[in-house]
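Peer 1: Let me begin by handing over the structure; questions about it come next.
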Amino acid sequence: MTTAAQGRKPLLELQGISKRFGAVQALSDISFDVFEREVVALVGDNGAGKSTLVKLISGIYPADEGTFLWEGRPVTVKSPNDSTALGIATVYQDLALCDNLDVVANLYLGREAGTPGGPLGLMNEVEMETRAVEVLRQLSVKIPNVRIPIASLSGGQRQSVAVARSVMGKNRVVFLDEPTAALGVAQTKEVLELVKRLREQGLGVVIISHNMVDVFEVADRICVLRLGRRVGTYDARKVSREQLVGLMTGALTGIAGAPGAAEAGAEP
Amino acid sequence: MSSTQENDPRVIREQAGLRGFFADYRRRIAQGDIGQLPVIVGLVAIAVIFQVSSKGVFLDSFNLVNLTLQMAAVGTISIGVVLILLLGEIDLTAGIVSGLCAAVMAVLSVNMQLPAPVALLGGTLTGTAVGLFQGFWITRFGIPSFVVTLAGLIGWQGLLLYVLGPRGTINLNDKTITGLAGTFFTGATAYALAALFLAYVAGAPLLAYRKRQRAGLSVPPLMFVAIRAVIVTVLVLGAVVKLDSDRGISSSVVIFVGLIVLMDWVLRRMRFGRMVYAIGGNAEAARRAGIPVKTVRTIVFVLASTLAGWGGILSASRGLAVNQSAGQGAVLLNAIAAAVVGGTSLFGGRGTVWAALLGIIVIQSISNGMDLLSLQPSIKFMITGGVLLTAVTIDAVLRRGQRASGR
């Protein structure tokens, strides 16, 4: 992916991002980018700033300093609506699904198809269900019946629905926060396959994970954060698991011969 | 669908035909998705018990017309309660607000001699204003609705007494206002109304079935849709024949059922309805999906208090007077009980406005039947309490079942 990424503009690029909370410098001078059709893993120990970075990107709170580029153009992201409008979706750990609603309703929550008129407009259930079935099939998500409430789905199926929801709109970058944290072996595999299919569909996927096996399974590039600073971004094929753990914990400060080797755009 | 589920042995495949449908239905019951089955079973049991013990008076047309008159007012209040419960909130002012709105209407009509439409509008807007105030207070300060409406329960009672003044009772004399509950539709008009209602409850699902089939979506067996339509048609026509052989269909019943159809349409077809269910299911998820949670909550409180106001107006119209005890006593409890007995979950997000109709029929039938048997109020209260407890228990147990089958 990295080689393919050369010479293209990243979908999303952050330069020199900093964020302070009172006396805590949560993030300092972070650079980060995602291209289309790639999976970037964002890794780091607790307190490294992964969540803060995701929240800045999804507009939960603004950055103190730094530039935010979308397809090379500077943009400002001050609220969740700004990032949604750009085409950035975030799937949080706690899924944010409505247990009482069926799969179709959850996939379309907040953007139901139908007649115009906002809240007073009428929903077109047939259109929504047809499209929902189509999207789930494209992503090979196995759901017995799209009209059953989310409450009766398994953990993996719920996670799949939450991820599928992020591709319902015109989203181009999807952030997945610990998507496999609560899942069993088979379900984890299902979700990771889903992540790969999102990449095949041309999306830029950012996966935040503690699980090294998962990271190496799907990621093209790995961005390591430590104590609010970026240690580096590495090509997933050229870094070992031990090295990655060393970088996350501070035992290693860089990899000899490949400092920031996969930093897109840094070295043509 | 089929191509996505072929390889997964866990996927429960739907069998064809009616047998498959019943297998599916059994599974849904086991998972806690019971729909209106228990309340319908309960209703049949109630009808049989009272019909036998009252020696045939219970299902007599005269008594059935009385039953419809008794249920329209509290039933209308109960529609609003269903909306509130869908959010996972509670409104303890539903009863007292009905009395307050009726009192305002009575003062405007009788004391101030204003024309009926103005008086009715005044009563309605009183409910709207109360709902707006409470909804604002609950969402703005994040106070539980239980506490805000508990304060309201006391406060609005004071306002009711204040509005009624020292005399305490106002007798209604305006023909339009008393006609709200006192007008009866018979013959062709009654059957035309029944046909309209049937077009909505039995006809629309058949149309939806055709639409889904044409779009290539999975459909339940046509037989089932047809059987359901036939059963509903027989019940409704049977009721109309019975009512028509006595005084007919009261206008208050037409208003009550009309409001149910309207709210059902709003909840199932409009995006607003989806928002209400989403907030009741997971308010945080709704907020993240861009739903204006506070605004929707406030609007639902406005709708509920306005519906309570109309319930109070219908009650006043039937009783031809408003007094200091208007909207008090069992009104609130019956309105909430009806919503819950009808199948609305107290935990939010589950239920339909039909719960208000089915629930009030159950509650009012029990009350009416016990009156026919001349039972003491002490016994009546205890039995009504037992029915409510049973209904809530069914909800809680099934909810647990649903969670257990969720993984």
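The numbers here are math on the coordinates, done by the rules we state, and not lab data. Keep in mind it's a predicted model, so treat the numbers as computed, not measured. Note: ideal-geometry Cβ built from the backbone for every residue, glycine included; neighbour counts use all protein chains shown.
Peer 1: Using unit Cβ charges (K, R positive; D, E negative) and no other charged atoms, how large, in debye to the nearest 20, is the dipole of region B:204-273 about its Cα centre?
Peer 2: 460
Peer 1: Give me, ordered by chain and number, the residues 5 or more places off A:PHE35 or on other chains with an amide H under 5 Å from its own placed amide H.
Peer 2: Result for A:PHE35 returns A:LEU11.
Peer 1: Now for a different question. Considering only DSSP beta bridges whose two residues both sit in the protein assembly as shown, what percent are antiparallel, to the nearest 5?
Peer 2: Values: 28 of 46 bridges.
The answer is about 60 percent antiparallel.
Peer 1: A further question on this structure: Using the structure shown, list the pairs from A:LYS189/A:LYS238; B:LYS55/B:LYS175; A:LYS196/A:LYS238; A:LYS142/A:LYS170; A:LYS9/A:LYS55; A:LYS50/A:LYS78 with a Cα-Cα distance above 27 Å, or answer none.
Peer 2: From A:LYS189/A:LYS238; B:LYS55/B:LYS175; A:LYS196/A:LYS238; A:LYS142/A:LYS170; A:LYS9/A:LYS55; A:LYS50/A:LYS78, over 27 Å: B:LYS55/B:LYS175.
Peer 1: While we're looking at this one, here's another question. By the gyration tensor of its Cα atoms, with a ≥ b ≥ c the square roots of the eigenvalues, what is the shape of region B:89-224: rounded for a/c under 1.5, prolate for a/b over b/c, or oblate?
Peer 2: Here region B:89-224 falls in the oblate category.
Peer 1: Another question about this same structure. GNM on chain B, C-alpha springs below 10 Å: top fluctuator among B:GLY158, B:GLY280, B:GLY312?
Peer 2: Looking only at B:GLY158, B:GLY280, B:GLY312, the largest GNM fluctuation is found for B:GLY158.
Peer 1: Using only the Cα atoms of the protein assembly as shown, build the gyration tensor, take square roots of its eigenvalues as a ≥ b ≥ c, and label the shape rounded, prolate or oblate: rounded if a/c is under 1.5, else prolate if a/b is larger than b/c, else oblate.
Peer 2: prolate
Peer 1: If you don't mind, another one. With +1 on the Cβ of every Lys and Arg and -1 on the Cβ of every Asp and Glu, and nothing else charged, how large is the dipole of chain B about its Cα centre, in debye rounded to the nearest 20?
Peer 2: Dipole about the Cα centre, nearest 20: 1180 debye.
Peer 1: Can you compute the label reach from B:VAL261? Point 7 Å from Cα along the Cβ direction, backbone N cut-off under 16 Å, restricted to region B:311-353.
Peer 2: Label zone hits: B:353.
Peer 1: Just to confirm my numbers, what's the Cα centroid distance between region A:159-226 and region B:142-175 in Å?
Peer 2: Taking the Cα centre of each part, region A:159-226 and region B:142-175 sit 56 Å apart.
Peer 1: Count, for each residue of A:78-90, the Cβ atoms from other chains sitting within 10 Å of its Cβ, then give me the mean as a whole number.
Peer 2: Taking the mean over all residues of the peptide, I get 1.
Peer 1: Turning to a different aspect of this structure: Quote the FRET efficiency, to the nearest 0.05, computed for A:VAL213 versus A:THR249 with a Förster distance R0 of 25 Å and r equal to the Cβ-Cβ distance.
Peer 2: Using R0 = 25 Å, I get an efficiency of 0.90.
Peer 1: When 1/r is averaged over all different Cα pairs and the result inverted, which Kirkwood radius in Å belongs to region A:23-95?
Peer 2: One decimal place: 13.4 Å for the Kirkwood radius.
Peer 1: Still on this structure: Quick one, could you list the DSSP H helices from chain B stretching 30 Å or more along their long axis (Cα atoms) with average Kyte-Doolittle hydropathy of -1.0 or above?
Peer 2: Result, helices passing both filters: B:61-86, B:116-141, B:222-245, B:293-319, B:377-404.
Peer 1: Considering only B:MET112, B:LEU372, A:VAL43, whose Cα is most displaced toward the positive end of the charge dipole of the protein assembly as shown, charges sitting on Cβ of Lys, Arg (+1) and Asp, Glu (-1)?
Peer 2: The residue sitting most towards the positive pole is B:LEU372.
Peer 1: Hey, with R₀ at 51 Å, roughly what FRET efficiency would B:LEU235 and A:VAL135 work out to, going by the Cβ-Cβ distance, to 0.05?
Peer 2: Details: r = 40 Å, r/R0 = 0.79.
Efficiency computed from Cβ-Cβ geometry: 0.80.
Peer 1: Same structure, new question: Classify region B:296-401: rounded, prolate or oblate, from the alpha-carbon gyration tensor (a ≥ b ≥ c, eigenvalue square roots; a/c under 1.5 rounded; otherwise prolate if a/b is larger than b/c)?
Peer 2: Oblate.
Peer 1: Just tell me, in residue order, which DSSP H segments of chain A are both 15 angstrom or longer along the helix axis (alpha-carbon based) and at least -1.0 in mean Kyte-Doolittle hydropathy. Write down the numbers at each step before the final one.
Peer 2: Working: long enough: A:125-138 (19 Å, -0.51); A:155-166 (17 Å, -0.53); A:185-200 (23 Å, -0.36).
The answer, listed by residue number, is A:125-138, A:155-166, A:185-200.
Peer 1: Subtracting the Cα-Cα distance from 0.36 nm times the residue separation, let me have the gained length for B:ALA47 to B:ALA215 in nm, one decimal.
Peer 2: 56.3 nm
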